[in-house]
Amino acid sequence: MRLRVTDVCKEQRTMQIGTKKLRVPACVRRSTILGFRLPGASCEKARRDAEKGFSLIEVVLALVVLLVALLGVFLAFTWAIIYNAGNNSRSQALAIMQQQVEKMRSGKFTPTVIDSALSGGVQPVKTVILPNNNRFRVNIVVDDDPFAAGVQVDNTTTVKEVTVAVSLDRPTPGWQASVPAVVILRRVRAN
């Protein structure tokens, strides 16, 4: 059986069940007509139920809860982006440091020839600019006597200690500023 509403007024409406048309109060449901009645059904209660909805306070509270949740998600994404950018900068610094260390290791250090890169003292700071415009400072210190305090310059020694430190030129706030990539290597005079 299909239920169709053909005429609706405030207090009564006409319903068609099968081929019969019935005039019933507006609050009467199909279940009442088919033989069972819902408890507490009255026209006044049906009208009140139809007017129910969310109040302004409920909507505002729901929005506040939603905004707090979204703020937490936003902060988590921000932290992840900053942390990953720091890891990228750190890996770039390590690559630059590896290049500098390989240059120091490939330099000649024999009794007759000492490469200029291995001359003792503090070398001038180099600035390396990568294709993504990240700038890194490279500090190289060659100590001719690693067993004495301070940086010694003596080309007759047989051991050199080379310290290579790479850091961001303009670090962003956070751990990137306080953690440069540093390696210390020792070279022994070859035969």
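The values are calculated or read from the model by the stated rules, or taken from the named source; none is laboratory data. From a predicted model like this one, the values you see are computed outputs, not experimental measurements. Here the Cβ is made from the backbone with ideal geometry for all residues, glycine too, and neighbour counts use every protein chain on show.
Checking each residue in the stretch 48-105 for being touching a residue at least 60 places away in the same chain (Cβ under 8 Å) and either among the aliphatic types (A, V, I, L, M) or in contact with a Ser or Thr (Cβ under 6 Å, 6 or more places away or on another chain) (or both) picks out 82, 85, 93, 94, 96, 97, 101, 104. Against the definition (assigned to a helix (DSSP H, G or I), closer than 30 Å to residue 171 by Cα and either at pLDDT 65 or above or β-branched (Val, Ile, Thr) (or both)), how does residue 80 come out, yes or no? Yes; evaluated as a whole, the condition is true for this residue.
Just one residue in the set 26, 85 is modelled with pLDDT under 70, out of contact with any Gly (no Cβ under 9 Å at 6 or more places or on another chain) and either of a type in the set (Gly, Ala, Ser) or closer than 30 Å to residue 180 by Cα (or both); that residue is 26.
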